[in-house]
Amino acid sequence: MRLFVAVNLPPELRDAIWAAAEPARRGAPPVRWVRSEGIHITLKFLGEVSEPGAAAVREALDRSAAGVRPFEVVLEDAGAFPGPGRPRVFWVGIAAEPQLELLQHAVEREIAPLGFPSEGRPFRPHVTLGRAERTAAAPDLQRAAERLAAAPFDGRAWVESVDLMRSTLSPRGAAYEVVHRARLG
């Protein structure tokens, strides 16, 4: 099964993010937009994992969560990776939060011995909203990035758990399912 570790946001915040991103989606730019119910903060992508491997990941996730207190996430700015000249991934940023950083580092530390190498890049907490199609023209993507950057993202949510998620790919996009929830603290 295809797995990743995420902080899921409450439905009302996901809906607010989806609504605020509407100007970027306007005009149908060549972007695969994440559906509202799929909006989350990814902490670690694992890829294909066997059932015995998933059991070990669940235990590691429980250990990761045990040492982190519940915390609040606050939406910040919006933009695109790698930059506005040729945007590939459209996102909404999450304000720096020490407990979120601790959680992400704990996940990396506990999962690395299971054969999942630690991420080489610094953790930049964000919500992915969409990914550009490979055939997309730069001007279309730049317009979408400008609209997204100008959108009013405002919201916050209390986080009390971290989830192991299953991702199932289909022509309609990815569908996500919680396979394990670890309580913080």
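The values are calculated or read from the model by the stated rules, or taken from the named source; none is laboratory data. The structure displayed is predicted, hence computed values, not measured ones. For neighbour counting, all protein chains shown are included, and Cβ atoms are generated from backbone atoms with ideal geometry for every residue, glycine included.
When residue 73 is tested against the conditions (1) surrounded by fewer than 21 Cβ atoms within 10 Å (Cβ to Cβ); (2) aliphatic (A, V, I, L, M); (3) touching a residue at least 60 places away in the same chain (Cβ under 8 Å), the lone failure is (1). Taken over the range 120-163, the criterion of being outside any strand (DSSP E or B), in contact with a strand residue (DSSP E or B) (Cβ under 7 Å, 6 or more places away or on another chain) and not hydrophobic (A, V, I, L, M, F, W, C) is satisfied by 125, 133, 154, 155, 160. The single condition among (1) in contact with a Phe, Trp or Tyr (Cβ under 9 Å, 6 or more places away or on another chain); (2) of a type outside the set (S, T, N, Q); (3) part of a loop (DSSP other than H, G, I, E, B); (4) buried (at least 17 other Cβ atoms within 10 Å of the Cβ) that residue 91 does not satisfy is (3).
Could we say that residue 5 is buried (at least 19 other Cβ atoms within 10 Å of the Cβ), under 19 Å from residue 103 (Cβ atoms) and out of contact with any His (no Cβ under 7 Å at 6 or more places or on another chain) here? Spelling it out, residue 5 is indeed buried (at least 19 other Cβ atoms within 10 Å of the Cβ), under 19 Å from residue 103 (Cβ atoms) and out of contact with any His (no Cβ under 7 Å at 6 or more places or on another chain).
Residue 182 falls short of the stated requirement of being modelled with pLDDT under 95, touching a strand residue (DSSP E or B) at 6+ places or on another chain (Cβ under 7 Å) and surrounded by 16 or more Cβ atoms within 10 Å (Cβ to Cβ).
Of all residues in the range 164-185, how many are touching a helix residue (DSSP H, G or I) at 6+ places or on another chain (Cβ under 8 Å) and either within 20 Å of residue 47 (Cβ to Cβ) or part of a strand (DSSP E or B) (or both)? Break it down into steps so the answer makes sense when it comes.
Step one: of the range 164-185, the residues touching a helix residue (DSSP H, G or I) at 6+ places or on another chain (Cβ under 8 Å) are 164, 173-176, 179-180, 182-185.
Remaining after also requiring either within 20 Å of residue 47 (Cβ to Cβ) or part of a strand (DSSP E or B) (or both): 164, 173-176, 179-180, 182-183.
Result for the range 164-185: 9.
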